[in-house]
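Only one structure is covered here, and it is reproduced in the block below.
Just so it is clear, none of the values below were taken in a lab; they were calculated from the coordinates. Every value quoted in this text rests on a predicted model; they were computed, and no experiment measured them. Note that each Cβ is placed from the backbone with ideal geometry, even for glycine, and that neighbours are counted across all protein chains shown.
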Amino acid sequence: MPSEKILNKKKAVVEELSQKLKEAKSIVLADYRGLTVDEDTKLRKALREAGVEYKVIKNSIISFAVKDSDLEGINKYLTGPTAVAISTTDPVAPSKVIAKYAKDFKKLEIKGGMCEGNIIDVAGVEELAATPTKEELLGRLIGSLQSSLYGLAVALNAIADKQEEPADADTNANDEA
């Protein structure tokens with residue numbers, strides 16, 4: 001039987017994880033078995049740069065942390081070693097980074113996850129990873145607006161040029177008379 005000190009530590013870990021999961025916009029669970037130290041280091045660095053927290057956590061701790069929450073459906077993905085990628089700010093970031101590295105590192109396996117309170121499977125994580133980021137969407141919108149405004153400016157210039165032509169022709173006719 002574990003000592004009271006160890007139980008209190010585990011309860012604190014469960015409580016901390018439970019709070020993070022409640023605040024999370026997105027979570028991705030992955031099996032990291034077989035990754036080399038170099039691969040794991042690259043993955044962790046990319047996740048850190050994306051503002052995503054990444055930890056290896058015991059399934060029992062995760063299970064206790066999601067108990068009595070909307071995330072209890074995530075328990076079906078808690079088999080084998082589990083790494084958790086959590087983002088409290090960007091719902092797409094964990095999926096994008098994990099999916100990219102899962103393609104590069106064949107040993108990294110996506111198990112499932114959560115986005116905006118909805119439990120998603122591997123296909124859902126991959127679909128989310130294919131979604132453009134907010135910045136990409138804003139860039140597309142700005143590009144679209146710029147091209148529309150440019151087209152409008154060209155059209156207005158053409159109309160203005162056309163309206164000036166008859167005035168020039170009238171002036172030339174008056175000069176000849």
Explain nothing, just the number: relative contact order of the chain, from Cα pairs under 8 Å at least 6 residues apart, as a whole percent.
26
Once the dipole of the stretch 6-71 is set up from charges on Cβ (+1 Lys and Arg, -1 Asp and Glu), the residue from the list VAL52, SER18, GLY34 lying farthest towards its positive end is SER18
Which of rounded, prolate, oblate describes the stretch 75-156, given a ≥ b ≥ c as roots of the alpha-carbon gyration tensor eigenvalues and a/c under 1.5 marking rounded, otherwise prolate only if a/b is larger than b/c?
prolate
Measure off 7 Å from each Cα along the Cα-to-Cβ vector at ALA123 and ASP70, then give the distance between these two points in nanometres to one decimal.
2.3
Treating the angle as unsigned and between 0 and 90°, give the value, to the nearest 10°, between the Cα long axis of helix 37-49 and the longest Cα principal axis of the chain.
50
Acute angle (nearest 10 degrees) that the helix 4-23 long axis makes with the longest principal axis of the chain, alpha-carbon atoms:
20
Principal-axis tilt of helix 93-104 within the chain, Cα atoms, nearest 10 degrees:
80
Each label sits 7 Å from Cα toward the beta-carbon; between LYS134 and GLU165 the label points are separated, in nm, by 4.9
In whole Hz, the Karplus estimates of ³J(HN,Hα) for the stretch 127-141 (6.51, -1.76, 1.60; θ = phi - 60°; x where Gly or Pro) are 5, 5, 5, 7, 5, x, 6, 4, 5, 5, 5, 5, x, 5, 4
Could you tell me whether the chain comes out rounded, prolate or oblate from its Cα gyration tensor? Rule is a ≥ b ≥ c as square roots of the eigenvalues, rounded for a/c under 1.5, then prolate if a/b exceeds b/c, otherwise oblate.
prolate
Residue with peak Gaussian network fluctuation, the chain [Cα springs, cutoff 10 Å], from ILE98, ILE119, ILE159
ILE159
Estimate the FRET efficiency between ASP38 and LYS9 by the formula 1/(1 + (r/R0)^6), using the beta-carbon distance for r and 30 Å for R0, to the nearest 0.05.
0.45
Kindly flag which residue pairs out of LYS5/LYS103; LYS5/LYS107; LYS45/LYS76; LYS58/LYS103; LYS107/LYS134 have an alpha-carbon separation exceeding 32 Å in this structure.
LYS5/LYS103; LYS5/LYS107
Surrounding charge for GLU109, neighbours by C-beta under 10 angstrom, Lys/Arg +1, Asp/Glu -1, total +3
